[in-house]
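The values are calculated or read from the model by the stated rules, or taken from the named source; none is laboratory data. Please read these numbers as outputs of a predicted model, since none were measured by experiment. Cβ placement follows ideal geometry from the backbone for every residue including glycine, while neighbour counts extend to all protein chains displayed.
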Amino acid sequence: MSVRGALSGIKTILVMNTILPPKAVFRSVTRSMLTGKPWSGSWIGNPYLRQHTRILAKMFRVENRWTRRLQAPCLKLLPVVEARTTLLTQVDRNNLNVIPVLLRLAEYQEDWIRDPESWQPDKQLQPRTLLISLIQHLLNRYELPDFCNGAWFIDGALNHIERDWYCHLARGGSIRHFPGWLPKLTRQASKYFLSAADDMSMRDAVRYGQVMALFHDEKTVAYLLTTRIGLNFSHDAVWLPLLEMLASDPKPIDFMELVIDYLWAKCELHGTRSVRLRGRTLETLYSSASNFFKNLGEQSGFDSTIDKFDIASSNNRSRLLQFCADQWQPMESIKPFEESMGGWLWQMVELNRQDDLQEEARDMQHCVADYGWDCKDGKVSIFSLRSRRLEGGALDRDVTLEVNCQSRKLQQVKAWRNRRPSDLTRKMVLRWCVFNQINPGAYTMW
């Protein structure tokens with residue numbers, strides 16, 4: 001063979017394979033990435049392999065406690081996947097991102113019951129099914145429903161509650177006692193959990209089992225899973241008793257959703273312990289929910305003509321709840337202010353949430369809660385001047401201030417029930433204006 005022919009043959013091999021020799025060199029490059037040794041992407045001719053190894057190299061670029069912990073299991077796992085499958089050499093990363101799944105498996109090395117070396121993959125399987133067979137080989141003593149496999153394809157932190165549940169069930173743990181899960185599933189809920197659809201997540205399947213065990217109706221369950229009950233697991237001390245109430249006394253769908261949104265808002269604003277369901281009926285809950293959203297609509301200025309029909313709109317309620325929960329940005333160039341004068345300690349507090357405005361309005365008996373939309377739009381900022389005696393005690397509200405954000409001009413200063421502030425309070429407001437370069441305006445008017 002001529003020299004030119006030999007060189008052409010070598011070039012063809014380099015393009016078709018990863019590097020020469022095709023098996024050993026990939027393991028050495030991977031080992032270089034994991035151990036911090038020099039390597040170059042130009043060494044890798046296979047475009048798919050280059051995609052995957054770039055992700056791996058980026059994750060192990062800096063040595064830290066996390067990379068040191070994953071190094072050993074990755075060195076066991078990655079060479080086996082490369083040598084026995086085409087997951088890294090023939091699968092596009094955009095179709096199946098293999099490396100993150102392997103890193104999650106490495107994070108759970110303590111739950112491995114078999115070694116990667118003993119895995120004999122079926123090369124006829126589709127890429128995702130092939131990767132799932134590796135997961136099951138490493139972790140499963142018992143067969144699990146197909147929807148459980150989705151736990152390993154959830155993005156984010158390597159540790160995840162659903163992956164903890166997977167390992168718990170795979171080694172034979174009870175469905176009724178998930179790790180990190182306070183409410184226990186009933187026997188009937190556990191049976192429905194196992195029959196959940198393949199496209200559900202494990203969290204969806206848990207809620208599906210809980211709701212199905214109470215209602216035994218697929219249509220009602222499908223609806224409830226789209227509400228905040230299906231989306232939120234942090235308030236189960238409220239959701240589970242509520243589900244029992246709804247199951248014992250079925251109500252129309254719009255009735256249930258209004259009550260669910262109301263209880264979610266109460267839990268988010270004041271904590272789960274603020275909600276008491278014992279001794280209450282669904283009718284009283286509905287009445288409280290209607291009043292809550294009407295008052296919220298009026299206080300926020302969302303809709304001055306809001307009525308029962310408007311409240312029944314889930315879009316309107318979502319907008320109100322989002323507005324109530326949102327926190328807007330503080331006014332620019334405002335420095336913390338705390339001074340003592342006249343035997344009192346004075347402190348200025350900016351109000352950055354609708355809930356804060358409502359509390360100010362309740363205590364001061366004026367309409368500051370109506371300024372939430374202007375605050376969110378960046379038109380005005382609301383401040384509360386508070387004081388207490390130097391000897392100690394709680395801070396009391398003295399006056400509420402409205403400042404125009406664009407002109408930095410003080411527009412209103414109102415004491416309790418819109419009364420004029422005292423002389424001492426007026427002096428302190430002026431000192432705050434000077435300190436933060438706020439135009440006090442016609443301060444003689446307030």
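Consider segment 402-418 and keep the residues that are out of contact with any Pro (no Cβ under 7 Å at 6 or more places or on another chain) and without any contact (Cβ under 8 Å) to a residue 40 or more places away in the chain. The one that is surrounded by the fewest Cβ atoms within 10 Å (Cβ to Cβ) is 406. Among the residues of segment 101-150, those that are within 21 Å of residue 68 (Cα to Cα), outside any helix (DSSP H, G or I) and within 32 Å of the chain's Cα centre (by Cα) comprise 108, 112. With respect to being over 30 Å from residue 102 (Cα atoms), in contact (Cβ under 8 Å) with a residue 12 or more places away in the chain, part of a loop (DSSP other than H, G, I, E, B) and out of contact with any Cys (no Cβ under 6 Å at 6 or more places or on another chain), residue 214 falls outside the description.
Would you say residue 374 is charged (D, E, K, R), surrounded by fewer than 16 Cβ atoms within 10 Å (Cβ to Cβ) and over 20 Å from residue 437 (Cβ atoms)? No: the conditions fail for residue 374. Taking segment 186-211 as the range and being of a type in the set (S, T, N, Q) and assigned to a loop (DSSP other than H, G, I, E, B) as the test, the residues that pass are 186, 195, 201.
Does segment 78-89 contain at least one residue that is exposed (fewer than 15 other Cβ atoms within 10 Å of the Cβ), modelled with pLDDT under 90, part of a helix (DSSP H, G or I) and over 29 Å from the mean Cα position of the chain (by Cα)? Yes, segment 78-89 contains at least one residue that is exposed (fewer than 15 other Cβ atoms within 10 Å of the Cβ), modelled with pLDDT under 90, part of a helix (DSSP H, G or I) and over 29 Å from the mean Cα position of the chain (by Cα).
For segment 308-365, the candidate set comprises residues that are touching a strand residue (DSSP E or B) at 6+ places or on another chain (Cβ under 7 Å) and part of a helix (DSSP H, G or I); within that set, the residue that is surrounded by the fewest Cβ atoms within 10 Å (Cβ to Cβ) is 363.
Against the list (1) of a type in the set (A, V, I, L, M, F, W, C); (2) under 24 Å from residue 434 (Cβ atoms); (3) surrounded by 18 or more Cβ atoms within 10 Å (Cβ to Cβ), the condition residue 369 fails is (2).
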